[in-house]
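Written below as structure tokens is the structure these notes are about.
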């Protein structure tokens, strides 16, 4: 079934969903009023250009009374220029784990603040972030630093994966802790990008 057909058959369960389906509210007003998105179809309608990217898929095991139980855990990014979401989910099979993670990532989508906060550059573009931001998840801490145009993404591969998806082209980074844990590194980067809005009053 196509996405357009699914949207036509969608019956909203929340007041926000009803407003979105009737075309009475847009994404900017949702974030300005800090409204909570509880249905993934809201994001499907308002951000049809959203892209998906799988970060990691790993097998996890749990010992129970009947023996070992194996499941798969997927961490997925969704994003487009100026928006980003991260989700993680578990299932007995890889496919359902990825689909669940995508749905969770859509519910966590936030706008990403871009600009040019580099003293070396000083342009009015939106190729980097406007100022330094810090993020944390588990033992992993990360600091994202604005970089001048042309530097590129001077950071770890998993951090690049996050930044490329939301349209950031130039950045420097510092990481601390056990950065081999890909999930925590990705979530710490997402946390840093979200923290930029603590200093922005015009989302």
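Kindly establish whether residue 31 is in contact with a strand residue (DSSP E or B) (Cβ under 7 Å, 6 or more places away or on another chain), within 30 Å of residue 158 (Cβ to Cβ) and crowded, with 17+ Cβ neighbours inside 10 Å. For residue 31, the condition - in contact with a strand residue (DSSP E or B) (Cβ under 7 Å, 6 or more places away or on another chain), within 30 Å of residue 158 (Cβ to Cβ) and crowded, with 17+ Cβ neighbours inside 10 Å - is not met. Of the residues that make up the range 50-58, is at least one in a loop (DSSP other than H, G, I, E, B), surrounded by 15 or more Cβ atoms within 10 Å (Cβ to Cβ) and at pLDDT 90 or above? Checked the range 50-58: at least one residue is in a loop (DSSP other than H, G, I, E, B), surrounded by 15 or more Cβ atoms within 10 Å (Cβ to Cβ) and at pLDDT 90 or above.
The values are calculated or read from the model by the stated rules, or taken from the named source; none is laboratory data. Worth saying up front: this structure is predicted, and the values here are computed from it rather than measured. Reconstructed Cβ throughout: ideal geometry from the backbone, glycine too, with neighbour counts over all protein chains shown.
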